[in-house]
Amino acid sequence: MNWTRFRLALNRIFGNKKKNPAKGGRPPYDYLMMFKILLLARLYNLSDEAMEYQLYDRLSFRRFV
């Protein structure tokens, strides 16, 4: 599946903001990766904690993300 459409839409929604290193803090996670994680969580009806565990446990989830 071509995920570039989703990446473009997510960047339009959340913006292509570049992290200002002067402000400090951790850089944000990739929007597309977070979207895929949310998609898996909804498809498999998983809580945040269960989704985190599945990402560590299931190779298929890691490949998808």
Problem set entry | Single condition ALA41 does not satisfy, out of (1) touching a Ser or Thr at 6+ places or on another chain (Cβ under 9 Å); (2) more than 27 Å from ARG12 (Cα to Cα); (3) aliphatic (A, V, I, L, M) | (2)
Exercise. Any chance the range 50-57 includes a residue that's modelled with pLDDT of 95 or more, among the polar types (S, T, N, Q) and in a helix (DSSP H, G or I)?
Worked result: yes
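Here's the yes/no breakdown for (1) without any contact (Cβ under 8 Å) to a residue 40 or more places away in the chain; (2) in contact with a Lys or Arg (Cβ under 9 Å, 6 or more places away or on another chain); (3) of a type outside the set (Asp, Glu):
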| position | (1), (2), (3) |
| --- | --- |
| TYR53 | yes, no, yes |
| ASP57 | yes, no, no |
| ARG62 | yes, no, yes |
| VAL65 | yes, yes, yes |
Seminar exercise, completed: If we keep only residues of the range 14-34 that are modelled with pLDDT of 90 or more and of a type in the set (A, V, I, L, M), then the residue surrounded by the fewest Cβ atoms within 10 Å (Cβ to Cβ) is MET33
Problem set entry | Any chance ASP57 is out of contact with any helix residue (DSSP H, G or I) (no Cβ under 8 Å at 6 or more places or on another chain) and of a type in the set (Asp, Glu) | yes
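The values are calculated or read from the model by the stated rules, or taken from the named source; none is laboratory data. Please read these numbers as outputs of a predicted model, since none were measured by experiment. Note that each Cβ is placed from the backbone with ideal geometry, even for glycine, and that neighbours are counted across all protein chains shown.
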